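Notes for the one structure printed next.
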Amino acid sequence: MFVGRKHELKALKEVYDKNGFGMTIIYGRRRVGKSTLIKEFIKGKPVIFYTATKVGAERNLELFSRQVMEVLDPSMSSALFSSIEDVFDIITNKMPDDKKMILVIDELPYWAEKDESLLSVLQKYIDTQWINKNMMFIFCGSALSFMEKKVLSEKSPIFGRRDSQIKLEAFNYRDSALFVPDYSAEEKAITYGVTGGVAKYLSLFDASKSLDENIIRLFFNTDGYLFDETRNLLIQEFSDITLVNNIIEQVASGETTLNNIASKVHEKDSTVLYSLEKLIDVGLVEKKKCITEEKNKKKTRYVLRDYMFKFWYQFIPNAISVIELGQGKIYYEKVVKPQIHSYMGSVFEEMCRYYTLEQGIQGAYGSFLTQTGTWWGVEQIIDEEGKRFAQSADIDVVGISSIDKTAVIGECKFKNEKIDKEIYETLLRRSKLLPGNYHVIRFLLFSLSGFTKWFDNEDIQNTIKIKVEDLYL
């Protein structure tokens, strides 16, 4: 089943439909669905499709040439070529004139990292042999830093030759729900929360089975696809995963600053920062900034961007022995399921920020929002005895308009309890903490379980109550 990606398919079609040569670069983290997108697009079209592997330049040349000949001249599929130029000459001479041919090189970095001349040779043939040919190239890769620095940057030999580039992201929470259409809104949200919207993981969900059954099968069995997935991914991306694993454990447990993470893993700040930057490159960690103070380098947080990793590191390490004894289902029911709403807190906040920006762009709040994020800082509180003290304060959702300097703020609760007046009053109080150059015009309350009757009896101005179900309308 192919789901979503309408915008990306449209972008590819626009390049394909233009006359002459066209090229698109597709990149994104592993498992996000790049190859699936390409395969959907090329259905029914003439194509040479090659997936590079970590086998060295010569072997990739041999396998690529075989794929080329099987399409253009099957009688010569066993022919050997001494250089990539020889293969490109075959493509030039045997490319059909009556129909557009697509050439796909998937996982390009595996080949280009071992053959530094590959991109330069491609550039030469694009400029001299193929520019007027009726053909389309699609280059794809999972190594984000390589794709950005070696393929897309101004220093790349093929810079300026592409018609478009697609950075394929994980599905948003709404598109993720298309994989489990019959689930309740709460179950759809949790499905997103344990997969992070990653296409491969969502495709493993059996929509005919319950949410609990799917989570148990995938995470809490030794043969479950996601039981060992974090280690598999780290091995593919890092030569030594011990430090990286320790860093992820700390971030998953709530350590968000470089100093604290380095202290916990007993390494220098510079060593930890290097690994954090690599984790950011591969899409597993995100460096968050306070939305109203983005230039304040001290006001940043490191958080797990990949929710599957977040779920795994929160629940699986302590369960491994039980799972290996074949009792993962019991562990899930007794330990994990009672904590699932608590786990979903930060996931739900991200969903609400997405919803807020989407609605704000459409003018739902009386202002054109240009950005959403979070705010954190310190607030002064006066207790019942009149004593003043400081405490940390967070605002889950902050949407701002850089045009008219207005803002909307929101609180999110993925709990069985209904939102009451205390939560509303806290949001009102914290609205005064935002910098004075932003005028708060709306208050948003997001709830899994609804709202108490207090809201029915109060005349509340500029406040919008939103349930989980509303996020999927």
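The values are calculated or read from the model by the stated rules, or taken from the named source; none is laboratory data. Computed from a predicted model, the values in this text were never measured in an experiment. Because the Cβ atoms are built from the backbone with ideal geometry, glycine has one as well, and the counts that use them run over all protein chains shown.
For this structure, a couple of remarks:
- Filter result (over 27 Å from GLN236 (Cα atoms), of a type in the set (D, E, K, R) and either assigned to a loop (DSSP other than H, G, I, E, B) or over 20 Å from the mean Cα position of the chain (by Cα) (or both)) within region 1-36: LYS10, LYS13, GLU14, ASP17, LYS18
So that you can scan it fast, the table gives a plain yes or no per residue for (1) within 14 Å of ARG305 (Cα to Cα); (2) part of a strand (DSSP E or B); (3) at pLDDT 95 or above:
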| residue | (1), (2), (3) |
| --- | --- |
| ARG217 | no, no, yes |
| ASN221 | no, no, yes |
| TYR225 | no, no, yes |
| VAL244 | no, no, yes |
| VAL251 | yes, no, yes |
| LYS264 | no, no, yes |
| GLU277 | yes, no, no |
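- Yes/no for LEU226 being over 28 Å from ASP394 (Cα atoms) and either surrounded by 16 or more Cβ atoms within 10 Å (Cβ to Cβ) or hydrophobic (A, V, I, L, M, F, W, C) (or both): yes
- Test: residue in region 117-139 that is more than 22 Å from VAL32 (Cβ to Cβ), of a type in the set (Asp, Glu) and part of a helix (DSSP H, G or I): yes
- If the condition is being buried (at least 21 other Cβ atoms within 10 Å of the Cβ) and among the basic types (Lys, Arg), then region 306-353 contributes LYS310, ARG353.
- Of the residues screened, ILE25 is one that is touching a residue at least 24 places away in the same chain (Cβ under 8 Å) and in contact with a Ser or Thr (Cβ under 9 Å, 6 or more places away or on another chain).
- The test for being surrounded by 18 or more Cβ atoms within 10 Å (Cβ to Cβ) and under 15 Å from PHE49 (Cα atoms) does not hold for VAL151.
- Odd one out for LYS415 among (1) over 21 Å from GLN359 (Cα atoms); (2) more than 28 Å from the chain's Cα centre (by Cα); (3) in contact (Cβ under 8 Å) with a residue 12 or more places away in the chain: (2)
- A residue that is of a type outside the set (A, V, I, L, M, F, W, C), within 23 Å of ARG31 (Cα to Cα) and touching a strand residue (DSSP E or B) at 6+ places or on another chain (Cβ under 8 Å) can be found somewhere in region 349-366.
- Residues that are within 17 Å of GLN250 (Cβ to Cβ) and more than 13 Å from the chain's Cα centre (by Cα) within region 281-302 comprise LYS287, LYS288, THR300, ARG301, TYR302, listed in sequence order.
- Within region 164-192, the residues that satisfy the criterion of being of a type in the set (A, V, I, L, M, F, W, C) and either assigned to a loop (DSSP other than H, G, I, E, B) or on the phi > 0 side of the Ramachandran plot (or both) are LEU168, ALA170, PHE171, VAL180.
- Among the residues of region 92-112, the one identified as of a type in the set (A, V, I, L, M, F, W, C) and either in a loop (DSSP other than H, G, I, E, B) or touching a His at 6+ places or on another chain (Cβ under 9 Å) (or both) is MET95.
- When the strands (runs of 3 or more DSSP E) confined to region 401-473 are screened for residues that are closer than 17 Å to GLY345 by Cα and touching a helix residue (DSSP H, G or I) at 6+ places or on another chain (Cβ under 7 Å), those reaching at least 1 such residues are found at 406-413, 439-447.
- Candidates ILE400, ILE409 - the one that is closer than 28 Å to ILE361 by Cβ, under 31 Å from the mean Cα position of the chain (by Cα) and in contact (Cβ under 8 Å) with a residue 60 or more places away in the chain: ILE400
- Residues in region 37-62 that are assigned to a loop (DSSP other than H, G, I, E, B) and among the polar types (S, T, N, Q): THR53 only.
- Filter result (surrounded by fewer than 10 Cβ atoms within 10 Å (Cβ to Cβ) and either in the same structural domain as GLU293 (by TED's automatic domain parsing) or basic (Lys, Arg) (or both)) within region 383-437: LYS387, ARG388, LYS432
- Residue list for region 101-120, filter: more than 17 Å from ILE25 (Cβ to Cβ) and free of Cβ contacts under 8 Å to residues at least 40 places away in the same chain: GLU116, SER117
- The residues listed here are THR222, THR271, THR256, THR230; of these, the one that is touching a residue at least 12 places away in the same chain (Cβ under 8 Å) and touching a strand residue (DSSP E or B) at 6+ places or on another chain (Cβ under 7 Å) is THR256.
- Restricting attention to region 193-213 and to residues that are of a type outside the set (D, E, K, R) and without any contact (Cβ under 8 Å) to a residue 24 or more places away in the chain, the residue that is surrounded by the most Cβ atoms within 10 Å (Cβ to Cβ) turns out to be LEU204.
- Checklist (1) surrounded by fewer than 20 Cβ atoms within 10 Å (Cβ to Cβ); (2) over 20 Å from the mean Cα position of the chain (by Cα); (3) aromatic (Phe, Trp, Tyr) applied to PHE41, failing item: (1)
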